[in-house]
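The values are calculated or read from the model by the stated rules, or taken from the named source; none is laboratory data. These numbers were taken from a predicted model, which means no experiment stands behind them. Backbone-built Cβ (ideal geometry, glycine too); neighbour counts: all protein chains shown.
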Amino acid sequence: MAVEPNLVQLGQGVYAFTHPDPRFGHSNVGLVIDQDGLTLIDTTATPAQAEVTARAVDRLAGELGLPIKRVVLTSSRVAFSGGSGIFWSAAFYGTEVTSEQLDAPANPPAFRALLPHLAASYPDDFTTRPITHTVNERAQLTGAIALDPLTGESAGNLVAFVESAKVVFAGAFASFGVTPLGHDAYPTEWIAGLRGIAGAGVTVVPGHGPVGGAADVEDLIAYLEACLSTPTDRALPSGPWDRWTDRRFDPVNVDRARLLAAGRDEPPASMFALLGL
């Protein structure tokens, strides 16, 4: 059953809808109100949760009479795009990588294996909304929102900056208190991008977990550095991540780092094992 998200106001016309139970698949949504309409950042993992979020948006901004005009997807991952079909009439913005991946047929069996607690949300005919506008370089989307394509959690992340409120909607690029899943991540580039965000003195809305800031970004950087330095046959050392959810992703993240170090840009076998393949 979809749950009501928490509402966090971050500035004038800038909000985050965060999930009260931080874990992978319980993703956050950003909302920015411009004069011509509303922009959402990500769409949750499921149509049911997207419908609940849409109702919360209507309660907040409905009296303004403004439509949901734009949706920014920070990744093609189902955790962020799974509810996209609920917002079909909006323009969808994402990187070329995200566009190509969402144009491919959805894989409901993989989604059910990855997110067993949400399995009923992915019937065999499950689909997502395609991208309508690709963003491949930094661009000013609206008067309030700038978009920046980054490589990290994947080769096709898209981060939204609201300079007036000093807010970064990092989406898939950041995860606080929830272990990220980086089966095709680029940890070195990811760390570099996160350092840029941490040094900007901003509030950060992650794709998973509570709204945070530089200290939370530094914890994520430390986790990725640990993945880079941990042999595949050993557990990660102790760290802030000891308290995180979804530690089942540790082997995937470590194995991916080792494959890249060996010059092999491919998903690790541990990811296929996670999907029961």
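The residue list 121, 89, 99 contains one member that is of a type in the set (Ser, Thr, Tyr) and more than 27 Å from residue 148 (Cβ to Cβ), which is 121.
Residues in the range 67-109 that are basic (Lys, Arg) and within 12 Å of the chain's Cα centre (by Cα): 77 only. Identify, by number, the condition in (1) buried (at least 19 other Cβ atoms within 10 Å of the Cβ); (2) closer than 22 Å to residue 64 by Cα that residue 19 doesn't meet. Exception for residue 19: condition (2).
Could you please give the count of residues in the range 160-195 that are outside any strand (DSSP E or B) and within 18 Å of residue 115 (Cβ to Cβ)?
Of the residues in the range 160-195, 7 are outside any strand (DSSP E or B) and within 18 Å of residue 115 (Cβ to Cβ).
The set of residues in the range 162-171 that are surrounded by fewer than 22 Cβ atoms within 10 Å (Cβ to Cβ), at negative phi and touching a residue at least 40 places away in the same chain (Cβ under 8 Å) comprises 164, 165. Scanning the range 126-155 for residues that are assigned to a loop (DSSP other than H, G, I, E, B), within 15 Å of residue 84 (Cβ to Cβ) and not β-branched (Val, Ile, Thr) yields 126, 129, 130.
Kindly establish whether residue 132 is within 16 Å of the chain's Cα centre (by Cα) and surrounded by 12 or more Cβ atoms within 10 Å (Cβ to Cβ). Considered against the rule, which asks whether it is within 16 Å of the chain's Cα centre (by Cα) and surrounded by 12 or more Cβ atoms within 10 Å (Cβ to Cβ), residue 132 comes out as no. If the condition is being modelled with pLDDT of 95 or more, part of a loop (DSSP other than H, G, I, E, B) and either farther than 19 Å from residue 205 by Cα or hydroxyl-bearing (Ser, Thr, Tyr) (or both), then the range 49-84 contributes 74, 75, 76. Only one of the numbered conditions (1) touching a residue at least 24 places away in the same chain (Cβ under 8 Å); (2) closer than 29 Å to residue 31 by Cβ; (3) among the hydrophobic types (A, V, I, L, M, F, W, C) is not met by residue 198, and that is (1).
Here is a list: 174, 155. Which entry is crowded, with 23+ Cβ neighbours inside 10 Å and at pLDDT 95 or above?
Selected residue: 174, the only one of 174, 155 that is crowded, with 23+ Cβ neighbours inside 10 Å and at pLDDT 95 or above.
Candidates 273, 226: the one that is surrounded by fewer than 18 Cβ atoms within 10 Å (Cβ to Cβ) and either out of contact with any Phe, Trp or Tyr (no Cβ under 7 Å at 6 or more places or on another chain) or farther than 27 Å from residue 9 by Cβ (or both) is 273.
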